[in-house]
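The structure appears below as structure tokens.
The values are calculated or read from the model by the stated rules, or taken from the named source; none is laboratory data. As the structure is a computational prediction, the values presented were derived from the model and not from experiment. Glycine also receives a Cβ, built like all others from the backbone with ideal geometry; neighbour counts cover every protein chain displayed. For accessibility, only protein heavy atoms count, side chains too; no ligands or nucleic acids. Shrake-Rupley method; radii C 1.70, N 1.55, O 1.52, S 1.80 Å.
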Amino acid sequence: MKKATKAAALGLAAVMMAAALTACGGKTDTNKADDTAASGTQTQQTDASAPAQEQGETPAAGGTLTFGTNAEFPPFEFVAGSGVIDQYDGIDMAIAKKIAEENGMTAAVENMEFDSLLIALHNGQIDAAIAGMTVTEERKEQADFSTPYYTATQVMIVKEDSTIASAADMADKKICVIQGYTGEICVKDLGYPYEAFKKGTDAIMELVNGKCDVVVIDSATAQKYVGDNEGLKIVEDAAAFESEEYAIAVKKGNTELLNKINQSIEGMLSDGTVAELGAQYIEAISAE
Ligand code: GLN
């Protein structure tokens, strides 16, 4: 399996078609149901009462396409004064808007905890989840995923004077992760104790205040936090953290909507729209 390079981690155009679905370290333990962000949905798989929408139905043209997200993940989704969809801005929000528009629909956003996204999808509360969501084998049991549109990797954020130079150096350090993110799964797989926070910014504050030694989080989001906070740096370990791919999730079996989304994503990948959006939002972050 391919290891992440810096270029691949930051390159929107470099979507690797050979998906690395394990998120970290090449450990494919698909039996670990408790590792999934939405393990709670497992007992609901046979629940036939989808409240908001009929099972697998695509909203009709002219209707609203509701995307669930967790707007705490810049540059992919964050709350802004005025965003591309209501107050929501970022690479994913711009992609979501284009998908809806290309299909004659209006995009709406429901902001929720990352852990709730696949459950909301299952319940029909949202039509699709777009949240910098890494495709993993566990999540594929809960939802269907689109063509990937971004390649990322987990990195470590540490204080500038930290001695941490590799993932193994975290063994005796205080590690912070964000609950339900692939970073948590990776640290768990490495077998190290950690503390999980609800928000990336909370974990970063812990690091800034010297209450933890390292935050494990996705590469582009790490760049944003390091840019926003003095005295932090990014440490990469491509051997410990494999590349991950972000994709849009739909309810299992909703092939009609998935096909529409895939058509739009593939168009945006081949005409350079996704790469442009990436450059635009990542540049905006560095310029702040
Ligand atoms: N890529 C990470 C994951 O899928 C984090 C996503 C997010 O926080 N929005 O777990």
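Computed FRET efficiency, Cβ-Cβ of N259 and D161, R0 41 Å: what is it to the nearest 0.05? Kindly include the intermediate steps, with their values, before the conclusion.
Numbers: r = 51 Å, r/R0 = 1.25.
Efficiency at R0 = 41 Å is approximately 0.20.
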Item to check | Too-long pairs where the Cα-Cα distance tops 29 Å, listed order kept, from K174/K252; K98/K252; K98/K233; K97/K251 | outcome: K174/K252; K98/K233
Checklist entry - Is segment 177-261 rounded, prolate or oblate when judged by the Cα gyration tensor, a ≥ b ≥ c being the square roots of its eigenvalues, rounded requiring a/c under 1.5 and prolate requiring a/b larger than b/c? => result prolate
Item to check | Dipole axis of segment 86-196 (+1 Lys, Arg; -1 Asp, Glu on Cβ), positive-most option in I99, M156, Q179 | outcome: M156
Item to check | Per residue value of the accessible surface for segment 228-288 (all protein chains in place, 1.4 Å probe), Å² | outcome: 46 Å²
Item to check | Cα gyration tensor shape for segment 156-201, rounded if a/c is under 1.5, else prolate or oblate | outcome: oblate
Checklist entry - Distance from the Cα centre of segment 56-107 to that of segment 194-272, in angstrom? => result 18 Å
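Find, among the trypsin sites (Lys or Arg not before Pro) in segment 211-276, those assigned to loop by DSSP (not H, G, I, E, B) with at most 14 other beta-carbon atoms within 10 angstrom. Walk me through the numbers on the way to the answer.
Values: sites: K211, K224, K233, K251, K252, K260; in loops: K211, K252.
Answer by residue number: K211.
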Checklist entry - Cα gyration tensor of segment 221-274, axes a ≥ b ≥ c as square roots of the eigenvalues: rounded (a/c below 1.5), prolate (a/b > b/c) or oblate? => result prolate
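Mind checking the full-extension length gain between K140 and N209? Use 0.36 nm per residue of separation minus the Cα-Cα distance, one decimal, nm.
Here the segment from K140 to N209 would lengthen by 21.1 nm.
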Checklist entry - Accessible area per residue, 1.4 Å probe, Å², for segment 141-215: what's the number? => result 38 Å²
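Rounded to the nearest percent, how much of the accessible area of segment 95-232 (1.4 Å probe, protein heavy atoms only) is carbon and sulfur?
On the way: 2150 of 4800 Å².
In segment 95-232, the share of accessible area belonging to carbon and sulfur is 45 percent.
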